[in-house]
Amino acid sequence: MAEESLEAHDGASKGKYTIGLGQDCMAFCTELEDVISMSMTVVSSLLEKYQIDRKQIGRLEVGSETVIDKSKSIKTWLMDLFEDCGNTDIEGVDSTNACYGGTAALLNCVNWVESNSWDGRYGLVVCTDSAVYAEGPARPTGGAAAVAMLIGPNAPIAFESKYRGSHMSHVYDFYKPNLASEYPVVDGKLSQTCYLMALDSCYKRYCSKFEDLEGKQFSILDADYVAFHSPYNKLVQKSFARLYFNDFLRNGSSINKDVYEKLGPFSTLSSEESYQSRDLEKVTQQVAKPQYDVKVQPSTLLPKQVGNMYTASLYAAFASIVHNKHESLVGQRVLMFSYGSGLSSTMFSFRMREGQHPFSISNIASVLNVSGKLESRQVFSPEKFVEIMNLMEHRYGAKGFVTSEDRSLLSPETYYLKEVDALYRRYYAKK
Ligand code: ACO
């Protein structure tokens, strides 16, 4: 659905969603898809496209904040895909904390591969979410997607494991206390400030670890690309500007004389004041813009086109970089910022390497087929979107229903929900 049409439908002022929030389109699930079916689709697609023997998966971790069952993990549904080959020896379950669960799952898998318990097989990480909000200002910041990532040694996308910086604390910025509803309780303004505070804290820790180990200062110039968890693009623009402000306060090499003069008047703000200052926000965004265009813009394609994908958002931003820059990525560093409300956050980085077929960067870009996937989308009107949201509200937590027989919307090879029986058991099939 186009954000422009939703803007008009909601009676928002023209440009509020498209320029104000910076979003182009928003994806959502119909009754045929959910976080489980999307996970099955991405896992089976990855295994088939890279011709991975299903017995070669030794760990499977899922990150999601979309609750379908309070006990049974999404990972257990995915075990259906390994039944035929008899591989039930797969560790891992689900990780949950808002948009951070995917990063927790990824770090678990990477740690496993780097550990004594590693048995030589691949890890597999799945991030899957349907981001839906009740009617109101947060609704245009929804989205839906799943991403699958294969983890192993000698990877073309290599973790710089020593430089992670995390920030975790207890806040009520966005949470889902009402178990009868899929919608979160959200304090939008607080969530924006928490995100930026977490970013500052993670960046400081990342820089400090880098400096301790490398014996030289880290500035934003040391990252070739930066990918952020992307609830909506405007927050990503503000976040990159905030890294610039951090460099300014740290006397970083990214800040030239001209920028020093422009940011000078803000050097005496307390950190609390700095989050509220509209002038600071404006000036930092302006001075960071040339570097934003180079380092951040390539990551914004999927988040702007699909919306907030919660756990999958950061990895869809990274996939956008691979799609846009695959010809020149070897040797480059990508800085990643993961944020989940509540809150958990980590900054980490990847170093890109050549990789051997089928794991060369250019083959990964071609398997991702980002353009093909975007072009094959079907456009819905806001009226239809609202009708579907109303149906999904009734279906959430319901039992004893079958879904529509019209599956013409789905691409071939997509998994879909067929039925939920009287005992809440869910049945899926592949188109
Ligand atoms: N043309 C251009 N820009 C406009 C227009 C217009 N007609 N109208 C408003 N704007 C701008 C505003 O100035 C503002 O930009 P700014 O921040 O640079 O000043 C922007 O559009 C948004 O307008 P607001 O009035 O601030 O929006 P509102 O308060 O209605 O909602 C919010 C925004 C809080 C982000 C809401 O969508 C929300 O709660 N989303 C969910 C929470 C969220 O995503 N938090 C992020 C981190 S946590 C997570 O990932 C879930």
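The values are calculated or read from the model by the stated rules, or taken from the named source; none is laboratory data. Here the structure is a predicted model, which means the values were calculated and not measured. Neighbour counts run over all protein chains shown; Cβ positions are idealised from the backbone, glycine included.
Here are the numbers:
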{"read-out": "Selection count, the range 280-320, where residues are assigned to a helix (DSSP H, G or I), under 28 Å from residue 255 (Cβ atoms) and not charged (D, E, K, R)", "value": "19"}
{"read-out": "Test result for residue 78, within 17 Å of the chain's Cα centre (by Cα) and either assigned to a loop (DSSP other than H, G, I, E, B) or at pLDDT 95 or above (or both)", "value": "no"}
{"read-out": "Selection within the range 17-47 - more than 15 Å from residue 429 (Cβ to Cβ), touching a residue at least 40 places away in the same chain (Cβ under 8 Å) and not aliphatic (A, V, I, L, M)", "value": "17, 20, 22, 23, 24, 25, 28, 29, 30, 45"}
{"read-out": "Count of residues meeting criterion [near the ligand (Cβ under 10 Å from one of its atoms), in contact with a strand residue (DSSP E or B) (Cβ under 8 Å, 6 or more places away or on another chain) and free of Cβ contacts under 8 Å to residues at least 40 places away in the same chain] in the range 173-195", "value": "1"}
{"read-out": "Any hit, the range 165-172, residues being at pLDDT 95 or above and away from the ligand (no atom under 16 Å from the Cβ)", "value": "yes"}
{"read-out": "Residue in the range 49-60 that is among the hydroxyl-bearing types (Ser, Thr, Tyr) and either within 16 Å of the ligand (Cβ to nearest atom) or surrounded by fewer than 20 Cβ atoms within 10 Å (Cβ to Cβ) (or both) present", "value": "yes"}
{"read-out": "Residues that are polar (S, T, N, Q), surrounded by 12 or more Cβ atoms within 10 Å (Cβ to Cβ) and in a helix (DSSP H, G or I), drawn from the range 362-419", "value": "362, 363, 366"}
{"read-out": "Hits in the range 184-206 - residues which are crowded, with 19+ Cβ neighbours inside 10 Å and in a loop (DSSP other than H, G, I, E, B)", "value": "184"}
{"read-out": "Every pair of residues 6+ apart whose Cβ atoms lie under 6 Å, when the first sits in the range 75-103 and is farther than 28 Å from residue 229 by Cβ and away from the ligand (no atom under 16 Å from the Cβ) while the second is outside any strand (DSSP E or B) and not hydrophobic (A, V, I, L, M, F, W, C)", "value": "82/54; 85/54; 85/55; 87/54; 87/55"}
